[in-house]
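Enquirer: One structure is given below, represented as structure tokens, and several questions about it will come after.
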Amino acid sequence: MSEQDPPGLELLYEGAAAYQRGDIAAALRIFEHAVATTTGGVRTSALINAASMYDELGDHQGAATRYRSALGQIPADAVEKTASTLINYSQALQHLGALDDAQSALEKARDLLADGEDLGVLRVTCLLSLTAVATHRSQWNRVVDIATESLDAAMRFAPHLIGHPLMNLAGAYFETGRRELGIDFAQQALAAFTAAGDHNALADTQQNLAQLFSRLQRLDEAEQLVLASQEYYERAGLGYRAGVGWKIRGYLAECRGEVDRAEEWYGRSLDCFRSSGAVLDSASVQCRLATVAYARGAVGEGQQLLDAAFTVYAERGLGLQCAQLDYWHAVLVQMVVDHMDSPPAELLALGRALAVPSAIAIDAVRYTLPSGHQRDQWNREVADPAVRLAFRFAYLCQDGQLLADLIETQCAGTTLDTASGDRVERPQFPLDSSAQPPGAEPAPGPLYLGAALARVAASAGLPVSPPPRLAVSPGPRIALGDYIAAAEQRYGQRVREDRVITV
């Protein structure tokens, strides 16, 4: 401290020291005291720091309120402070599920940082937060692009932050089917944070890697990591991250058949998320609680939990999450049906109403992925199981027209985005998936391929558009027309091209 330092600056240093030693609650008390006893720039900084502590302790609404207050007090020429506050504000908004507002705040910050070479570390942080918003929206192509940009920026401006983009790449590749590559990136992130001595980021990465291991059924490895991180979060009083840990522990218990323990730990997780206002995480753990409810025969309770989670996703425009939730709901309905000698017609109809639109929407995602390998992985590991479930419910409902439409749409009508001709190919069913696309004289316009041939094109990395709508006899009518309309209305996204072809 010097005589020229503004009054109260020592409180900011004292609060920062408390934060560095992991005493978040003490840091908050110090910063709140500074807000109450100082003025000017020191008070604004204390308000921003207090908001950060609220966010870490899980009071995301309290954090957002304080960030907004601080943004109204920062001078217009304080570019660095404004951008930093916008980035932190966006993180609180993400926890609250306000993704549009979060992205808007980040885009403002990114514009402010566009010309500031001396603000490279802050630019990295902004890119990391933009990656998080894209991850919430399952925009995996965008996640990979921004994570790669942030990795390049971190290598240039902030080597101690390299672990964050590595972990974002891990999540994106894992979610799009390249799971071993995802694990490799996550382990690189773990090594990077260990080398940097960043204990908080290390705990976060241990927890994230535990989630990946749990989904690969590598339960012992997952448990070792989650217990290590949970000890850190409980000691530091970080309620939100502790909630994530309880959710992982609940899932591990569920995988081991310990249903009562799973339900207890999911309940603890939900309490943590609700206390912190983390609505998206609350919805996610409600899906797991619904699975446990179905497992013990409480179907009504499970449906209520799933309906509540669906509402949260739908209100925030998260169409893919809605589709995946419906698919999982259909899986749980199938589990009930499989234990009945004569399942009621209304239960079978519910499974069909969930499985078919969700399969159409989930299948459409692969056409948006950036590489042929990712599309192929998505098809095999995510879309194909959803389509198979749609077939199963069509069969159980003895719905001959639906079965015919599903077969037709699996055989024909994917558009290849290259100037390779302008004709319709209608291969016979079934078609050998090793077949090569037929030759055609070059001509303007797209080439329509059967789905099996389109998969060959996709695996080669050619850009493939969503399928067109198929007009079939009698009528003609659009195959799966009602289900396509239901998917687009329910999930708020296009799953077919407007173009119609007759087969």
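The values are calculated or read from the model by the stated rules, or taken from the named source; none is laboratory data. Nothing here was measured: the structure is a model prediction, and the numbers come from that model. Positions of Cβ are backbone-derived with ideal geometry, glycine not excepted, and every protein chain shown enters the neighbour counts. Quick note on the areas: whole protein, heavy atoms, side chains included, nothing else; ligands and nucleic acids left out. Shrake-Rupley method; radii C 1.70, N 1.55, O 1.52, S 1.80 Å.
Enquirer: Treating the angle as unsigned and between 0 and 90°, give the value, to the nearest 10°, between the Cα long axis of helix 79-95 and the longest Cα principal axis of the chain.
Expert: 50 degrees
Enquirer: What's the center-to-center distance, using Cα atoms, between the stretch 262-290 and the stretch 92-153 in Å?
Expert: 26 Å
Enquirer: Please identify the trypsin sites (Lys or Arg not before Pro) of the stretch 75-141 that satisfy two criteria: DSSP loop assignment and at most 16 other Cβ atoms within 10 Å. Which are they?
Expert: Counting only loop positions with at most 16 other Cβ atoms within 10 Å, none of the trypsin sites (Lys or Arg not before Pro) in the stretch 75-141 qualifies.
Enquirer: What is the sum of charges around Ala98, taking Lys and Arg as +1, Asp and Glu as -1, for the other residues whose C-beta is under 11 Å from the C-beta of Ala98?
Expert: The answer is -2.
Enquirer: Right, next: Tabulate in residue order the Karplus-calculated ³J(HN,Hα) for the stretch 327-342, using 6.51 cos²θ - 1.76 cosθ + 1.60 with θ = phi - 60°, rounded to whole Hz; enter x for Gly and Pro.
Expert: Coupling constants for the stretch 327-342: 4, 5, 4, 5, 4, 5, 4, 4, 4, 5, 4, 5, 9, 10, 6, 9 Hz.
Enquirer: Let me have the relative contact order for the stretch 96-202, percent, based on Cα pairs under 8 Å that are six or more residues apart.
Expert: Averaging sequence separation for qualifying contacts and normalising by length gives 19 percent for the stretch 96-202.
Enquirer: Of all trypsin sites (Lys or Arg not before Pro) in the stretch 8-78, which ones are in loop regions per DSSP and have a Cβ with at most 12 other Cβ atoms within 10 Å?
Expert: Arg21
Enquirer: Explain nothing, just compute: Karplus ³J(HN,Hα) = 6.51 cos²θ - 1.76 cosθ + 1.60, θ = phi - 60°, for every residue of the stretch 206-218 in order, whole Hz, x for Gly and Pro.
Expert: Residue by residue, the stretch 206-218 yields 4, 5, 5, 5, 4, 4, 5, 4, 5, 6, 8, 6, 8 Hz.
Enquirer: Kindly list the residues of the stretch 285-305 that lie in the label zone of Ala314, defined by a backbone N under 15 Å from the point 7 Å along the Cα-to-C-beta vector.
Expert: 303-305
Enquirer: If I compute Cα extents along the principal axes in Å from the structure I just sent, which labelled value in [x] 83, 63, 39; [y] 87, 57, 38; [z] 136, 77, 38 lines up?
Expert: Label of the calculated value: [y].
Enquirer: Arg477's amide H: which non-local residues (gap 5+, or another chain) put their own amide H closer than 5 Å, with H modeled 1.01 Å from N in plane and none for Pro or chain starts?
Expert: Val472
Enquirer: For the chain, what does the accessible surface come to per residue with a 1.4 Å probe? Please give it in Å².
Expert: 44 Å²
Enquirer: Let me ask something else. What is the list of residues in the stretch 235-276 whose amide nitrogen lies under 17 Å from a point 7 angstrom out from the Cα of Ala25, following Cα to Cβ?
Expert: Answer for this model: 235-243, 272, 275-276.
Enquirer: Let me know the charge dipole size of the chain about its Cα centre in debye, to the nearest 20, where only the beta-carbon of Lys, Arg (+1) and Asp, Glu (-1) is charged.
Expert: Once rounded to the nearest 20, the dipole reads 740 debye.
Enquirer: Accessible area of the chain with a 1.4 Å probe: how many percent of it is carbon plus sulfur?
Expert: Carbon-and-sulfur percentage of accessible area, whole number: 51.
Enquirer: Using the alpha-carbon centroid of each, what span in Å lies between the stretch 157-213 and the stretch 1-76?
Expert: The stretch 157-213 and the stretch 1-76 have Cα centres separated by 29 Å.
Enquirer: Continuing with the same structure: Can you tell which of Leu212, Leu225, Leu306 lies farthest toward the positive end of the dipole of the stretch 197-322, using +1 and -1 charges on the Cβ of basic and acidic side chains (Lys, Arg; Asp, Glu)?
Expert: Going by the Cα projections, it comes out as Leu306.
Enquirer: Restricting to Cα pairs below 8 Å that are 6+ residues apart, what does the relative contact order work out to for the stretch 288-397? Please round to a whole percent.
Expert: 23 percent
Enquirer: Also: So which GluC sites (Glu not before Pro) in the stretch 207-269 are both in a DSSP loop and have at most 10 other Cβ atoms within 10 Å of their Cβ?
Expert: none
Enquirer: Also, quick follow-up: HN-Hα J couplings of the stretch 183-197 from phi, Karplus 6.51/-1.76/1.60, θ = phi - 60°, integer Hz, Gly and Pro as x?
Expert: 4, 4, 4, 5, 5, 5, 4, 4, 5, 5, 6, 4, 5, 7, x
Enquirer: Over the chain, what relative contact order in percent results from Cα pairs under 8 Å that are six or more residues apart?
Expert: Averaging sequence separation for qualifying contacts and normalising by length gives 9 percent for the chain.
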